[in-house]
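Please read the structure below before turning to the comments.
The values are calculated or read from the model by the stated rules, or taken from the named source; none is laboratory data. The structure presented is a predicted model; accordingly, all values stated were derived computationally and were not measured. Glycine also receives a Cβ, built like all others from the backbone with ideal geometry; neighbour counts cover every protein chain displayed. These area figures cover heavy atoms from the full protein model, side chains too; ligands, DNA and RNA do not enter into them. Shrake-Rupley method; radii C 1.70, N 1.55, O 1.52, S 1.80 Å.
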Amino acid sequence: MEHGIEIANTLTGTELKSVRDHFLAPWTFPAFAVGVACSSYYLWVAAVGIQYPQLDRSLFIFFGIALAFALRPASHSVILRFLDVIFIVGSVAATVHFNMRYDDFLQMVGAPISALDMAYAWFLVVACLEACRRVLGWSVPILAVCFLLFLRYGTLIPAPFNHVDFDWGTIASYLYAGTDGLYSDLTYVLASQMFLFLVFGTFLIRAGAADYFARASVALVGDRVGGTAKAAVACSAIVGSITGSAAANAAISGSVTIPLMIAAGFKRHVAGGIEAAASTGGTVLPPVMGVAAFIMVALTGIPYTTIALYSAVPAILYFVCVYAQVHFYARRNNLSGMPRSELPPLRATLASGWYYVIPVSVIVAMVAMNYSLAYTAMFAIIATLVTSWFRKETRMGLRGTLDALSRGAQQALPIMVVAGPVAIMSECLLLPGTGLRVTGMIIDVAHGNLEITLLLVYIIAYVLGMGLSVVPAYIILATLAAPALIQLHVPVLAAHLLVMWWSQASNIKPPVALAVYVTASIAESGLWPTGWAAVLKGAGLFFIPVLFIYQPPLLFDGTPAQIAVTLTTITLGIIVCAAAIEGFFRHRLSVVVRLMLGLGGILLLLGYNVITLGIATAVAAAAVLLSEAQWRAQGRLASFNGEI
């Protein structure tokens, strides 16, 4: 009998340990259920239209908090895990309270609120910041807290940024009691427009599209010089244009292309850098651009259709730049392509997944016909479900559909948790009018000079890109820097496209560099070497946006002849600059030749008139001739030394 009691006690202890382990581990099943509920809700909103805007926005914030606390436990402490439960339950209560009091809040925006309202407000703010910290790290939450302190203690801030103090109750009212602050238009855009495109990308990958595009890219260009890297560029362009996320693109494409590049002789950090640079380009390539493009819709009022249309050509030019750099790097390092016999058969490979074009075509057609973005994403998801049944291996039944719904929400988690902190920062800039002051200061420092203003904006963008992810970096740039350019008569679209492109650099610039983290882990290379390789291969991300201002035909502002000439000279300039950056054209280039080619390439990029283009052509031609002369001289010297 005593033996039986000991066994019972042992079983009880084992069961208790199992329960404790499950409690401390990520809560996968609750997260699965929340993910399905989140994606299903916004699909329902897309189908029936926006009925309750306050509910759509508040649920988006709540779903992000719930998924973050469920999937990212703070530690292996039972007490802290109970705090996670309190955070989730408290967020439910705060969300319900907001929706029940919404009509009252509309009548008292900015006015004092009750102690209970304030308690819910600050609880939700803390939950948002902690959820963001668990998913994205410390930088964004710390910055959001600094912005809150800036708003609270404005009289302590040195001029010209000082302002009247806002008490904690007023701040809570603006952040929680209405459709500003946490539930602003930024949250609305992310919830009602961007989110379902991220879910669509998950469905398309689940249906086997990523594997098909990778195989098709390798089959298409894998036998050329540096073919595996060129395949990475092509694959990342396609996958990135439908996922809208550089990190997700890097994980999907990089898992296939990076090992192939390393096997072909590319250094590990270079392979990771090429994939990160190419993946980042996908965030500016339509039809599904990155989240910053959707935020631009909210900030400027410019339709997404217009933004996508004007972004297409510059994005293609970016990939031309990455492709050209890969080509010259491969030539300089004698990295040949794969034998055609080792590649998948081209025609059979392309024909095996032609139907994956259907969902993408649905997006292009519906965006062109000005359907709402949520409605477009919903039909694209339906089209993906249909195409998944073309092959037995990829068919998505009920279980596969639920899995894709949940994974889509979990893939969107970085966007969901950053919505709250970014909305806080935006409100803290808008309430005291700080944005207008900074804009005026930038113009004053530059003395109204466009070139100096651009330099200042670039410096701000570079610093922000080293500490913040894309969304907060773009929000700050769009609030503080873009208005300075607009006041200097830069078109609104050009100004915002410029800062949007520069904000994307945080995907490849350490220490944030989300895309680089992914590719470096796949390549098993160091973060910083991979990051700097990505910055080098993604050089077009820094100089192409300048052309939005100095080359208006790039954004279709000009006659057809002007647009054609401009695109031709820019393409040539990009190829010449790529050769200068990589130090190879027909042969290895000396420092002098690289500098000459760089100058010629810049003049081609900025070619204002026939004279400038003539000078550019002459400089580039002289550089090529000098390179040939130096190469022949080296050959004669080597031959002479051999004879001796």
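Using only the alpha-carbon atoms, how far is helix 304-332 inclined from the longest principal axis of the chain? Give it as 0 to 90 degrees, nearest 10. Helix 304-332 sits at roughly 50 degrees to that axis. Lys-Lys pairs in the chain that are eight or more residues apart or on separate chains and whose Cα atoms lie under 27 Å of each other come to 6. Going by accessible surface with a 1.4 Å probe and the largest first, 22, 97 read 22, 97. Could you list the chymotrypsin sites (Phe, Trp or Tyr not before Pro) in the range 109-211 that lie in coil according to DSSP, counting only those with at most 12 other Cβ atoms within 10 Å of their Cβ? Sites meeting the loop and neighbour criteria: 138. Positive contributions from Lys and Arg (+1) and negative ones from Asp and Glu (-1), summed over other residues with Cβ under 13 Å from the Cβ of residue 339, come out at 0. Summarising the amide proton neighbourhood of residue 584: residues at separation of 5 or more, or on other chains, whose placed amide H is nearer than 5 Å comprise 589.
Return the loop-located chymotrypsin sites (Phe, Trp or Tyr not before Pro) in the range 363-415 (DSSP other than H, G, I, E, B) with at most 13 other Cβ atoms within 10 Å of their own Cβ; answer none if there are none.
Those that pass, being in a loop and sparsely packed, are 389.
Distance between the C-alpha centers of the range 435-490 and the range 542-609? Whole Å please. Between the Cα centre of the range 435-490 and that of the range 542-609, the gap is 25 Å.
For the residues 547, 536, a 1.4 Å probe over the protein chains yields an accessible-area ranking, largest first, of 536, 547. Each principal axis of the Cα cloud of the range 275-379 was taken in turn, and the coordinate range along them, longest first, works out to 49, 32, 18 Å. Across 100, 261, the residue with the most accessible area heads the list, and the full order at a 1.4 Å probe is 100, 261.
Taken one residue at a time, the phi angles of the range 560-576 give Karplus couplings (6.51, -1.76, 1.60, θ = phi - 60°) of x, 5, 4, 5, 5, 5, 4, 5, 5, 5, 5, 4, 4, x, 5, 5, 5 Hz. Gly and Pro are set to x. Whole-percent P(r), the chain, all Cα pairs, 10 Å bins from 0: 3, 14, 24, 25, 17, 9, 4, 2, 1, 0, 0. Of the trypsin sites (Lys or Arg not before Pro) found in the range 296-351, not one falls in a DSSP loop while having at most 10 other beta-carbon atoms within 10 Å. For residue 369, the solvent-accessible surface computed with a 1.4 Å probe is close to 120 Å², ligands and nucleic acids excluded. Against the chain, whose longest principal axis comes from its Cα atoms, helix 53-71 is set at around 80 degrees.
With Cα atoms as the point set, the range 111-214 shows a radius of gyration and Dmax of 18.9, 59 Å. Residues with beta-carbon under 11 Å from that of residue 205, excluding residue 205: net charge, scoring Lys, Arg +1 and Asp, Glu -1? Cβ neighbours under 11 Å give a net charge of +1. Shape class for the range 467-585, computed from the alpha carbon gyration tensor (a ≥ b ≥ c): oblate, with a/c not under 1.5 and a/b at or below b/c. Net charge in the neighbourhood of residue 581 (other residues with Cβ under 10 Å of its Cβ; Lys, Arg +1, Asp, Glu -1) is +1.
Both radii were evaluated on the Cα set of the range 447-516; the Rg over Rh quotient, with Rh as the Kirkwood radius, amounts to 0.99.
Relative to the longest principal axis of the Cα atoms of the chain, the long axis of helix 357-368 lies at roughly 80 degrees.
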